[in-house]
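S.K.: Input: one structure, supplied below.
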Amino acid sequence: MAFLLGVDTGGTYTDAVIMDEATDTVIATAKALTTRPDLSSGIGAAIDAAVADAAISADQIAMVSLSTTLATNALVEGQGGRIALVFLGFDAAELGRAGLTDALRGDPVLRLSGGHDHAGVEVAPVDLDALQDGLVTLDDSISAFAVASSFATRNPAHEIAVRDAIRAATGKPVTCSHELSAALGGPKRALTAVLNARLIGMIDGLITACEAHLVTRGINARLMVVRGDGALVSANIAREKPIETILSGPAASIAGARWLTGEADALVSDIGGTTTDVCLLRDGRPMIDPQGARVGPFRTMVEAVAMRTIGLGGDSEVHVKEGLKAGLHLGPRRLMPISLAAQQFPEVVHGALDRALAQDVPASDGGQFVIPLWDQMPAGLDTREAAIAARLADGPLRLGHAVQTSMENPALGRLVGRGLVMLAGVTPSDASHVAGTLKAWDAEAAEKALTLFARKRTGAGQRLALDAQALARMIIDQLTAQTVDCLLQAAFAEDDHDWGDPAALASHPLTIAGLDRHMGTLQMQLSLGVPVIALGASAGAYYGAVGQRLGTRMVLPDHAAVANAIGAVVGQVQMQATGTVTGAGAGRFAVHFPDGPKSFNDRDAALDALEAALSQEVSGKARNAGVEEIRISVDRDINEIEVEGQPMFIEATLRVVASGRPRIAVA
């Protein structure tokens, strides 16, 4: 018998499921805390528990599939490694487009001459000497490089030359923009390359941790990774293009939702520790975002499911709104819940909370803690970062002890952004412990933390809440409100009618009146026209109220807590490649191959040559991923105009997809 192992690594939990390939049923599930910085401990604990529960041997596992929200979470929270961008043939002003400046976050940029025009003809030679001079100025904190050249999708020669030179000089990972997208739009391609480079170390660490434990357990099975469009790719491809794993976890959850419920038309809402991901199922399939995946503030060129991702989860930071009225807002940053921190560091957390509660004043640091995530003191820190790190050398501290002046706050933010430290504080998970709907961690610490937080003052000088119980209710109600808002935005955006700005409509007074079922001179009622499939470990605790507010059926399937891991093993391999043919003058057609453009005298010959090359490329990738029965589909988008009754060729875009189920090896 053959069994499939699905693993999903999220911000808080790592899930594992075992499926019987013959009967297509789930026979075991397990959860373990995601462990940082060493992900292997959490992955190993989840896999071991699932295998033990299934009572099978390692050699019976025929395939392992991995999904993750780590890449998505990192982009939402502004985390990831420090990188350098090599920008070829672009004006300085183009750094300010497509959100590229925000994505760089102050990381260095090397602007060089070079680049090509729309026909793939060199505009200026690439200055490799200037590149070498620039590399010397960079310090060891640079973890990877992104390379973007103008019109690289028409001729990637300069990106390839720079990539090879950087690898030879530094030995560090390099991402070229043409490797991620065949579309035009230099700044947006550069943005995608920057984000990819920032994620390389994180995703490589995840895959390595998973592979290492599989070897330790004697599981000799192919490892696949879920891409953002729900397809499976090999671990090697995921290492090279980690940006394609953004929305990997959400895409897997969509596949899991469909498999678990059989619902054809529904909104799928998956709440994790860091984010809530919402997608519309139509006829049993998710929509693909034609503009590229959007995560947090960034619109990338990565093809992925049309997903609305917001920084709202069970571990979201709780903020007090400014103003006279008491009010809260959750996210987008994830904190370690106080109840979990107290379980891991009981003396530190309980001692600090008890001392703070003994004083009848609000805690100036909000009762938060700073937790170091390094095994040894990190290198490349500036003076203020190093001062904070030195104080944390012996372990976690109260925020007010770790950061001693306001000048150090930005330094702490940089340490958090690089994933070197994590903050612990009050979250919805703590509120659920106080309310009694969650019992996973230290409820006593949660009660203390919420009691302390409730002492905060509103703009009117009043206490935020009477006690911990009242504050817990406020936090859970706020999570409900923000979840409802997210679902409404998704519904307005995906409805057949063009309603306009979904965010504005979701908060419009008429929308709120409709949800309130207002009955006056005007009678109003608004509800969702499709059910909501609620996924995630905490969905059962929160989503009943969400369904009531939206007037719709709430579907909470069995195994909702591990839907991502289930989705990871029910997907298919899908390899795709895109190329273009452009008009190069009367009777001339330029085919833009990966190694540069070539000219043809016949239109159909040019299209056939590109189709053959792309088909060979994707078939090879699918075969390497274990697909034996490969299905090829080709989409030709030909742009021609008529001039004096005769067709004039402008451009054609070909998209070739190879798909199929990976081979399931049976011993």
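S.K.: Got a sec? Which of A622, A612 is closer than 28 Å to L247 by Cα and among the aliphatic types (A, V, I, L, M)?
M.R.: The match here is A622.
S.K.: Just give me the residues in segment 326-363 being more than 29 Å from the chain's Cα centre (by Cα) and among the β-branched types (V, I, T), in sequence order.
M.R.: Listed by number, the residues that qualify are V348, V349, V361.
S.K.: If only one of I200, I237, I243 is on the phi < 0 side of the Ramachandran plot and open to solvent by less than 10 Å² (accessible area, probe 1.4 Å), which one is it?
M.R.: I243
S.K.: While we're here: Being open to solvent by 50 Å² or more (accessible area, probe 1.4 Å) and part of a loop (DSSP other than H, G, I, E, B) is the filter here, so list the residues in segment 586-621 that pass it.
M.R.: A586, R588, P594, D595, N601, D602
S.K.: Tell me which residues, restricted to segment 415-441, are within 19 Å of G313 (Cα to Cα) and charged (D, E, K, R).
M.R.: Result: D430, K439.
S.K.: Report yes if some residue within segment 142-156 is part of a helix (DSSP H, G or I), in contact with a Gly (Cβ under 8 Å, 6 or more places away or on another chain) and in contact (Cβ under 8 Å) with a residue 24 or more places away in the chain; otherwise report no.
M.R.: There is no residue in segment 142-156 that is part of a helix (DSSP H, G or I), in contact with a Gly (Cβ under 8 Å, 6 or more places away or on another chain) and in contact (Cβ under 8 Å) with a residue 24 or more places away in the chain.
S.K.: Which numbered condition trips up V370, out of (1) touching a Pro at 6+ places or on another chain (Cβ under 9 Å); (2) part of a helix (DSSP H, G or I); (3) crowded, with 20+ Cβ neighbours inside 10 Å; (4) not acidic (D, E)?
M.R.: Answer for V370: the failing condition is (2).
S.K.: Under 9 Å between Cβ atoms, at least 6 apart or on separate chains: pull out the pairs that start in segment 99-114 with a residue that is at positive phi and end on any residue that is surrounded by 14 or more Cβ atoms within 10 Å (Cβ to Cβ) and of a type in the set (F, W, Y).
M.R.: Here the result reads G99/F298, each pair linking segment 99-114 to a residue that is surrounded by 14 or more Cβ atoms within 10 Å (Cβ to Cβ) and of a type in the set (F, W, Y).
S.K.: While we're looking at this one, here's another question. Looking at D495, D485, which is the one that is of a type in the set (D, E, K, R) and in contact with a Ser or Thr (Cβ under 8 Å, 6 or more places away or on another chain)?
M.R.: Exactly one of D495, D485 is of a type in the set (D, E, K, R) and in contact with a Ser or Thr (Cβ under 8 Å, 6 or more places away or on another chain), namely D485.
S.K.: Restricting attention to segment 66-88, which residues are in a helix (DSSP H, G or I), more than 26 Å from L223 (Cα to Cα) and among the hydrophobic types (A, V, I, L, M, F, W, C)?
M.R.: Of everything in segment 66-88, just one residue is in a helix (DSSP H, G or I), more than 26 Å from L223 (Cα to Cα) and among the hydrophobic types (A, V, I, L, M, F, W, C), namely V76.
S.K.: Name the single residue, out of those in segment 1-34 being hydroxyl-bearing (S, T, Y) and surrounded by fewer than 17 Cβ atoms within 10 Å (Cβ to Cβ), that is farthest from N73 (Cα to Cα).
M.R.: Of everything passing the filter in segment 1-34, T23 is farthest from N73 (Cα to Cα).
S.K.: Still on this structure: Only one residue in T521, T511 is outside any helix (DSSP H, G or I) and either farther than 19 Å from D265 by Cβ or in contact with a Phe, Trp or Tyr (Cβ under 8 Å, 6 or more places away or on another chain) (or both), so which one is that?
M.R.: T521
S.K.: Residue check: is A390 assigned to a helix (DSSP H, G or I), surrounded by fewer than 16 Cβ atoms within 10 Å (Cβ to Cβ) and of a type in the set (A, V, I, L, M, F, W, C)?
M.R.: The answer is yes for A390.
S.K.: Select from segment 429-448 the residues that are within 28 Å of the chain's Cα centre (by Cα), closer than 16 Å to Y543 by Cα and in a helix (DSSP H, G or I) and list them in ascending order.
M.R.: Those that are within 28 Å of the chain's Cα centre (by Cα), closer than 16 Å to Y543 by Cα and in a helix (DSSP H, G or I): S429, A431, S432.
S.K.: Among the numbered criteria (1) closer than 22 Å to E244 by Cβ; (2) out of contact with any Lys or Arg (no Cβ under 9 Å at 6 or more places or on another chain); (3) at pLDDT 90 or above; (4) of a type in the set (K, R), which single criterion is violated by R655?
M.R.: Failing condition for R655: (2).
S.K.: Also, quick follow-up: Of everything in segment 414-428, what is part of a helix (DSSP H, G or I), free of Cβ contacts under 8 Å to residues at least 60 places away in the same chain and either open to solvent by less than 40 Å² (accessible area, probe 1.4 Å) or within 14 Å of W374 (Cα to Cα) (or both)? Give them in sequence order.
M.R.: Result: L415, single match.
S.K.: Still on this structure: Show the residue pairs that are 6+ apart or on different chains and have beta-carbon atoms under 8 Å apart, the first residue being within segment 457-484 and within 29 Å of T511 (Cα to Cα), the second being surrounded by fewer than 18 Cβ atoms within 10 Å (Cβ to Cβ) and of a type in the set (V, I, T).
M.R.: Partner pairs satisfying both residue conditions: T458/V320; L464/V320; L464/T458.
S.K.: Now, a different point. How many residues are open to solvent by 20 Å² or more (accessible area, probe 1.4 Å) and in a helix (DSSP H, G or I) if we restrict to segment 481-498?
M.R.: Number satisfying all stated conditions: 8.
S.K.: Which members of segment 215-232 meet the condition of being among the β-branched types (V, I, T) and crowded, with 24+ Cβ neighbours inside 10 Å?
M.R.: Passing the criteria: V225, V226.
S.K.: Which residue out of P187, P250 is more than 22 Å from G626 (Cα to Cα), touching a strand residue (DSSP E or B) at 6+ places or on another chain (Cβ under 9 Å), open to solvent by 10 Å² or more (accessible area, probe 1.4 Å) and not in a loop (DSSP other than H, G, I, E, B)?
M.R.: Among P187, P250, only P187 is more than 22 Å from G626 (Cα to Cα), touching a strand residue (DSSP E or B) at 6+ places or on another chain (Cβ under 9 Å), open to solvent by 10 Å² or more (accessible area, probe 1.4 Å) and not in a loop (DSSP other than H, G, I, E, B).
S.K.: Still on this structure: Tell me which residues, restricted to segment 450-475, are under 17 Å from A431 (Cβ atoms), among the polar types (S, T, N, Q) and open to solvent by 60 Å² or more (accessible area, probe 1.4 Å).
M.R.: Residue satisfying the conditions is Q469 alone.
S.K.: Got a number for residues in segment 1-59 being modelled with pLDDT under 90, part of a strand (DSSP E or B) and not aromatic (F, W, Y)?
M.R.: Of the residues in segment 1-59, 1 are modelled with pLDDT under 90, part of a strand (DSSP E or B) and not aromatic (F, W, Y).
S.K.: Specify the residue that is nearest to the chain's Cα centre (by Cα); the eligible residues are those in segment 94-119 that are of a type outside the set (D, E) and in a helix (DSSP H, G or I).
M.R.: This residue is A103.
S.K.: Tell me yes or no: at least one residue of segment 466-476 is within 26 Å of H350 (Cβ to Cβ), at pLDDT 95 or above, β-branched (V, I, T) and under 33 Å from the mean Cα position of the chain (by Cα).
M.R.: Checking segment 466-476: at least one residue is within 26 Å of H350 (Cβ to Cβ), at pLDDT 95 or above, β-branched (V, I, T) and under 33 Å from the mean Cα position of the chain (by Cα).
S.K.: Do you know which residues across segment 278-300 are assigned to a loop (DSSP other than H, G, I, E, B) and in contact with a strand residue (DSSP E or B) (Cβ under 9 Å, 6 or more places away or on another chain)?
M.R.: Correct list: M287, D289, Q291, G292, A293, G296, T300.
S.K.: Which number in (1) among the small types (G, A, S); (2) surrounded by fewer than 17 Cβ atoms within 10 Å (Cβ to Cβ); (3) under 20 Å from M307 (Cα atoms) marks the one condition that S527 misses?
M.R.: Here S527 meets the rest and fails (3).
S.K.: Out of the residues in segment 530-549 that are in a helix (DSSP H, G or I) and surrounded by 19 or more Cβ atoms within 10 Å (Cβ to Cβ), state the one that is modelled with the lowest pLDDT.
M.R.: A541
For every residue, the table says whether it meets (1) of a type outside the set (A, V, I, L, M, F, W, C); (2) open to solvent by less than 10 Å² (accessible area, probe 1.4 Å).
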| residue | (1), (2) |
| --- | --- |
| T300 | yes, yes |
| M307 | no, no |
| L312 | no, yes |
| S316 | yes, yes |
| E322 | yes, no |
| A326 | no, no |
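The values are calculated or read from the model by the stated rules, or taken from the named source; none is laboratory data. Bear in mind that the values here come from a model prediction, so they are computed numbers and not experimental data. All Cβ positions, glycine included, derive from the backbone under ideal geometry; neighbour counts span all protein chains shown. These area figures cover heavy atoms from the full protein model, side chains too; ligands, DNA and RNA do not enter into them. Shrake-Rupley method; radii C 1.70, N 1.55, O 1.52, S 1.80 Å.
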